1. Add -39500 (n - 2.57) for each DSSP H run of 4 or more in the chain, then divide by its residues: what number comes out at 222 nm, to the nearest 500 deg cm²/dmol?
2. For the range 1-78 and the range 87-136, what is the separation of their C-alpha centers, rounded to whole Å?
3. If you place +1 on the Cβ of every Lys and Arg, -1 on the Cβ of every Asp and Glu, and leave all else neutral, what size is the dipole of the chain about its Cα centre, to the nearest 20 Debye?
4. Hey, can you grab everything whose amide H is under 5 Å from the amide H of PHE22? Only 5+ residues off in sequence or another chain; H modelled, so Pro and N-termini drop out.
5. Determine the relative contact order of the chain: mean sequence separation of Cα pairs under 8 Å and six or more apart, normalised by residue count, in whole percent.
6. Just subtract the alpha-carbon distance of THR207 and CYS78 from 0.36 nm times their residue separation and send over the number in nm, one decimal.
7. Between ARG90 and LYS155, how high is the FRET efficiency from 1/(1 + (r/R0)^6) when r is the Cβ-Cβ distance and R₀ = 51 Å? Nearest 0.05.
8. Could you rank the peptides 132-138, 43-49 by their average count of other C-beta atoms within 10 Å per residue, with the highest value first?
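Only the coordinates and a few stated rules stand behind these numbers; no lab work does. Just so we're clear, the structure is a prediction, and the values are computed from it rather than from any experiment. Note that we place each Cβ from the backbone using ideal geometry, even for glycine, and neighbour counts take in every protein chain shown.
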Amino acid sequence: MVTRIDQRLPADLRPVEFLPHFQRYPHGSVLVSFGATRVICSVSAVPGIPRWMKEQGKAGGWLTAEYAMLPGATADRCPREGGRGGPSGRSQEIQRLVGRSLRAAVDLEKLGDHTLHVDCDVLDADGGTRCAAITGASVALELALRQLQAAGELKEWPLREHVAAVSVGIVAGEPALDLCYAEDSAAAVDMNVVMTAGGRFVEVQGTAEGEPFDEEEMQAMLALARRGLAELFARQRQALAAAAD
């Protein structure tokens, strides 16, 4: 069994931590850490729904997400996103993934006349930022919904279940869970798995960087992902229970 760069075993997650109520003003917020990767996830509710929903006669509310890497998140400063150029193609792809993942967990009709804006800002990037963003945003989402419910702005509880995400890959010839940047950049296969707490897949993104991978390797990576996700769901529950105390 290969010991990894950070001395973890192949089936080990990095240390995971949630700090609820990290920001003062959003309805829900959390600072989530997957090892050295840290992401601020916040959820802000605003009255009204997008114009396209009104035009299509859709009932209920909406949830949308934005994702960005802060300039100091990487060893070499990355330019601030926004302005005339807008977010990078990578950031657009990730924010669409975050939005899809959270919408899979929410009954939008029960949101009423609300739009939930999910913001995920990467403070430090050491691999797995999209997975950390989804997992942290799921916690921030429940915190936001609790606040809306306490204010009497929800007639029914809209959250069906939590979602979480984790990376897996083939590193040094072996399946490995929750890749840090050094592993991710050298992995033969890189996969991100998004799942509901009920055990259903929301999205699986897998890419061979060199040699194609076979079904046996894919099943081994998915088994690792399920194991890691079970632990992440437990950590989410613990963070939410602590936030309620």
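1. -10500 deg cm²/dmol
2. 6
3. Result for the chain is approximately 980 debye, rounded to the nearest 20.
4. SER29, VAL30, LEU31
5. Normalised by residue count, the contact order of the chain is 22 percent.
6. Working it through step by step, the gained length comes to 44.0 nm.
7. Computed FRET efficiency for ARG90 and LYS155 comes out at 0.85.
8. Ranking the peptides 132-138, 43-49 by packing returns 132-138, 43-49.
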